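Inspection log for the structure reproduced underneath, given as structure tokens.
The values are calculated or read from the model by the stated rules, or taken from the named source; none is laboratory data. Here the structure is a predicted model, which is why all the values come from computation and not from measurement. Neighbour counts run over all protein chains shown; Cβ positions are idealised from the backbone, glycine included. Keep in mind that these areas ignore ligands, DNA and RNA; they rest on the heavy atoms of the full protein, side chains included. Shrake-Rupley method; radii C 1.70, N 1.55, O 1.52, S 1.80 Å.
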Amino acid sequence: MRDIKALLTQQRRFYCKGITRKLDFRIEQLNRLHAAVKKKEPVILEALRNDLNKSEFEGYLTEIGLIYDEIKHAARRLPRWARPQKVPTPFYHFWSRSRIYSEPYGVCLIIAPWNYPFQLAISPLIGAMAAGNCAVVKPSELAPQTSRVITELIHDTFEPEYIAAVAGGIDVSQALLAEPFDYLFFTGSVAVGKHIMAAAANHLTPVTLELGGKSPCIVDHDAPLAVTARRIVAGKFVNAGQTCVAPDYLFVHQSIKDDLLRQIETTLIDFYGPRPMENQEYPKIINARHFARLQNLLNGCKVRFGGEMDPERLSMAPTVIEDVQWQDPIMQEEIFGPLLPVLTFETLSQVIAAVNAQPKPLALYYFSQNRARQQRMVRSIPFGGGCINDTLLHVASPYLPFGGVGPSGMGHYHGKASFDTFSHQKSILNKSFRFDMPLRYPPYKNKISLLRRMFR
Ligand code: NAD
């Protein structure tokens with residue numbers, strides 16, 4: 001507790017020196033971060049292998065490559081993003097100019113989850129640094145090896161008064177949350193998100209919550225099945241389904257259900273072989289608690305494909321589940337594992353009504369070649385973001401702000417959205433002394449008639 005208080009005081013003192021406000025400093029530090037990740041690449045990949053059995057390819061693609069892209073994108077555009085933004089001034093403020101200044105919040109806290117343990121700790125940090133803040137990163141204790149590598153990387157690269165990492169579990173997280181940070185950025189579950197928001201309320205600290213939920217994957221009758229199946233399997237089973245934006249369940253047009261499921265089965269064998277659990281490229285479930293939770297969800301389900309599991313190695317095969325009803329246990333919580341329940345529909349109105357009866361999802365995927373129906377889906381269902389005719393990829397673009405809505409989260413990041421998230425927008429009206437309009441000053445007498453003419 002005392003160490004955390006001391007760290008915060010140290011960071012606050014450093015922030016007040018104004019060094020982090022200088023653009024050169026920010027760009028230099030972002031480049032240092034890039035170089036540090038480059039140097040530690042093999043260690044990061046090894047930690048991801050140990051924590052989640054992530055292959056080198058998956059680790060590089062989903063955890064490291066995206067970080068390089070985010071850093072370069074931010075470092076290159078930072079001078080433009082940070083420039084005060086000129087905005088128009090209404091005519092009644094004669095001789096004034098209006099500008100919006102992006103100002104760092106100060107000292108930020110970033111709390112990360114275990115499923116993409118490196119990327120989800122470092123990606124928000126890039127935004128915090130680009131915006132000129134100091135930051136404390138709390139990686140997830142459930143990915144201990146990656147947590148250790150993150151802590152070392154941050155220790156070796158930055159002075160703790162600027163950027164620090166504090167490893168630990170819920171107790172450490174709660175001790176950090178008790179302190180008055182200037183911004184909280186949390187990625188994790190809906191349940192914990194509520195605790196974070198309650199803690200933030202104590203200090204009226206602004207907060208971004210990147211949460212989860214059940215993201216539907218809807219396939220209409222005109223979708224080309226082979227490519228649709230490949231894109232669904234890739235999105236659902238990457239990281240063994242432990243992805244916040246993974247398709248949680250498949251909602252498929254009745255007329256193509258069997259054909260699509262046959263394609264999904266063929267694709268699963270193409271991707272992972274007939275014994276996926278033996279495949280060295282197939283990740284494992286993070287721990288025994290989550291493994292048991294997934295086992296429970298599968299209880300009583302009609303398995304069409306897969307279903308094999310090995311509790312010793314925490315490995316669970318990609319599994320497709322048929323004849324699912326909305327009231328089944330598997331439809332009551334975010335699955336966050338390699339289980340894919342399948343529901344069917346006949347009309348889009350049914351889909352819209354069914355999805356809108358659930359909490360607003362983090363992501364939604366719709367497969368169809370019909371433009372009008374694509375537009376209808378985008379406009380009729382509230383959700384964080386998503387793809388038409390693909391899965392997950394909206395997350396991998398610095399030009400698309402990423403975040404949830406309602407119970408799937410609040411706030412956005414990635415690219416410029418990260419910079420904006422970690423910046424306070426300070427509005428300044430700068431008035432000349434050349435003219436001083438008497439209208440606004442008492443005594444008001446009969447000035448109201450002029451006021452009425454100005455504001456009709
Ligand atoms: P979690 O909420 O259990 O933990 C996240 C972090 O919060 C960890 O660092 C943990 O130490 C801390 N924490 C846990 N309990 C806490 C408490 N009571 N008080 C304070 N801090 C606490 O989440 P998780 O299991 O690590 O991650 C899985 C969840 O995260 C899923 O719901 C998933 O959808 C969501 N997620 C969302 C995104 C996104 O970008 N929206 C990305 C990845 C994961």
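For the reader, a short list of remarks on this structure follows.
- Over all other residues within a Cβ to Cβ distance under 9 Å of residue 103, the charged ones net out to +2, with Lys and Arg as +1 and Asp and Glu as -1.
- The relative contact order of the chain, computed from alpha carbon pairs under 8 Å that lie at least 6 residues apart in sequence, is 18 percent.
- Size descriptors for the range 216-396 (Cα atoms only): Rg and Dmax, in that order, 15.4, 49 Å.
- Residue-count net charge about residue 304 - beta-carbon cut-off 15 Å; Lys, Arg +1, Asp, Glu -1: -3
- Kirkwood Rh, Cα atoms: Rg over Rh of the range 306-390: 1.02
- Axis angle, to the nearest 10 degrees, between helix 288-298 and the longest C-alpha principal axis of the chain: 60 degrees.
- Computed [θ] at 222 nm, deg cm²/dmol, the chain (DSSP H ≥ 4; -39,500 (n - 2.57); rounded to nearest 500): -13000 deg cm²/dmol
- With N the number of residues in the chain, Rg(Cα) / (2.2 N^0.38 Å) evaluates to 1.11.
- In sequence order, calculated HN-Hα J values of the range 436-445 (Karplus, 6.51, -1.76, 1.60; Hz; x Gly/Pro): 10, 6, x, 3, 7, 8, x, x, 7, 6
- Using distinct alpha-carbon pairs, which all enter the 1/r mean, Kirkwood radius of the range 182-292 in Å: 16.6 Å
- For the range 176-244, the extents of the C-alpha atoms along the principal axes are 52, 22, 18 Å, listed from largest to smallest.
- Couplings 3J(HN,Hα) for the range 352-358, derived from phi with the Karplus relation 6.51 cos²θ - 1.76 cosθ + 1.60 (θ = phi - 60°), are 4, 5, 5, 5, 5, 7, 9 Hz, where x marks Gly and Pro.
- Share of carbon and sulfur in the accessible heavy-atom surface of the chain [1.4 Å probe, %]: 55 percent
- The residues of the chain expose, per residue, 46 Å² of accessible area to a 1.4 Å probe.
- Candidate lysines - alpha carbon under 21 Å from residue 17, same-chain residues fewer than 8 apart omitted: 5, 426
- In this Cβ point-charge picture (+1 for Lys and Arg, -1 for Asp and Glu), the chain has a dipole of about 3320 debye about its Cα centre.
- Annotation: amide H of residue 343 within the under-5 Å range of 250, 251, 252, sequence separation 5 or more or interchain, hydrogens built in the peptide plane.
- Helix 257-272 and the long axis of the chain differ in direction by around 90°, with both axes built from C-alpha atoms.
- Sequence-distant lysines (8 or more away, or on other chains) whose Cα lies within less than 26 Å of residue 445: 431
- Counting only residues at least eight positions apart within a chain, or on another chain, the lysines with an alpha carbon under 29 Å from that of residue 39 are 22, 54, 72, 138, 284, 416.
- For the Cα trace of the range 365-456, dividing Rg by the Kirkwood Rh returns an Rg/Rh value of 1.31.
- With the highest mean first, a sort of the peptides 385-393, 354-362, 238-246, 80-88 on other beta-carbon atoms found within 10 angstrom per residue produces 238-246, 385-393, 354-362, 80-88.
- Here the dipole of the range 216-396 is about 460 debye; that uses its Cα centre as origin and unit charges on the Cβ of Lys and Arg (positive) and Asp and Glu (negative).
- Distance from the alpha carbon centroid of the range 217-295 to that of the range 152-190 works out to 34 angstrom.
- 5 Å binning of all Cα-Cα separations within the range 1-140, expressed as whole percents from 0 upward: 2, 9, 15, 17, 16, 14, 11, 7, 4, 2, 2, 1, 0
- Degrees separating the helix 66-82 axis from the principal Cα axis of the chain, which is the longest one: 20 degrees
- Share of Cα-Cα pairs in the range 53-99 lying beyond 18 Å, as whole percent: 59 percent
- Once the Cα-Cα distance is subtracted from the 0.36 nm per residue extended length, the residue 451 to residue 201 segment shows a gain of 85.9 nm.
- Normalised contact order of the range 176-305, rounded percent, pairs of Cα under 8 Å and 6 or more residues apart: 20 percent
- Along the range 140-150 the Karplus relation, 6.51 cos²θ - 1.76 cosθ + 1.60 evaluated at θ = phi - 60°, assigns HN-Hα couplings of 7, 5, 7, 10, x, 5, 5, 4, 5, 5, 4 Hz to successive residues, with x for each Gly and Pro.
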